[in-house]
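Data block below; observations after.
Coordinate-derived values only; no laboratory data. What you see is a predicted model; the values in this text were computed from it and never measured. Counting neighbours? That spans all protein chains shown, and the Cβs are built from the backbone with ideal geometry, glycine included.
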Amino acid sequence: MSTNQVLIKELIRDGHLKSGRIIKAFERIDRIHFVPDNFKHRAYADEPLPIGFGQTISQPLVVAFMLELLDPRPGDNVLEIGAGSGWKTALLAHIISSLEHDSDENKREARRHAGPGCVTAIERIIRLRENAVKNVSKFNFIENGIATIIHGNGSMGYASKAPFDKIIAGAAGKSVPLAWKEQVRVGGRIVAPVEDTIKVLHKLSPIDFKIEEYSGFRFVQLILDDGRDGG
């Protein structure tokens with residue numbers, strides 16, 4: 001059986017983990033706490049694993065790659081589409097609530113005044129939402145108000161907490177929903193799978209985006225429904 005440290009070293013070696021704050025989150029938020037009991041022996045394998053209801057906990061390489069593209073920072077207001085098992089939710093919560101890897105003293109002080117940041121995760125399958133809450137609660141992020149996991153239709157975003165600094169999705173659609181584009185702030189970014197690519201949308205103005213694309217990925221599909229599946 002491998003270990004979390006071995007997995008992290010491999011991701012760093014292969015260039016997928018780069019940022020100190022994201023590396024520290026991978027060290028503190030061990031994937032084994034988010035994997036079903038019958039797959040814990042494969043928790044540190046660089047592969048997606050089933051979590052029930054036709055869903056998976058994402059491959060560590062893909063999570064690292066997408067978080068590096070998202071570039072979450074202390075104090076950010078983040079929306080996550082598809083909480084799944086809660087692993088990415090907890091990684092994000094650690095990053096946006098931590099000041100230890102901000103090297104600029106002025107930035108650290110500004111973040112202290114701005115608050116610890118917040119992650120709002122949306123999960124359409126109610127049983128997965130319940131499991132994600134249980135898993136993320138192991139790290140006190142929910143109790144401390146740093147993370148919130150709600151049951152609902154992620155394709156509509158979450159207008160009541162907008163605008164968001166960053167939006168990240170774990171399931172692929174045919175396009176990036178308009179609601180996400182409207183709910184991310186100018187200067188913010190969206191990282192989302194679209195079919196077999198990962199798209200990064202940098203919001204330049206209320207209607208203009210700079211778009212980057214990275215191909216060669218596979219994701220579960222984003223379901224556009226009323227959020228009642230799996231009840």
For the chain, the dipole about the Cα centre with charges only on Cβ (Lys and Arg +1, Asp and Glu -1), to the nearest 20 debye, works out at 240 debye
Which value results when the Cα radius of gyration for region 8-89 is divided by 2.2 N^0.38 Å? 1.08
Distribution of pairwise C-alpha distances over region 145-223, 10 Å bins, in %: 19, 51, 29, 2
Beta bridge orientation in the chain: antiparallel %, DSSP, nearest 5: 45 percent
Counting other Cβ atoms within 10 Å, which GluC sites (Glu not before Pro) in region 21-100 have at most 15 and lie in a DSSP loop? GLU100
Cα-based Debye curve of the chain sampled at q = 0.11 Å⁻¹ gives log₁₀ I(q)/I(0) of -0.50
Work out how much length GLU27 to GLN5 would gain on full extension: take 0.36 nm times their residue separation and subtract the Cα-Cα distance, in nm to one decimal. 7.2 nm
Is it possible to state the helix-based mean residue ellipticity at 222 nm for the chain, with each DSSP H run of 4+ residues giving -39500 (n - 2.57), the sum divided by total residues, to the nearest 500 deg cm²/dmol? What is it? -8500 deg cm²/dmol
Extended-chain gain in nm, criterion 0.36 nm per residue less alpha-carbon gap, SER19 and HIS202: 63.9 nm
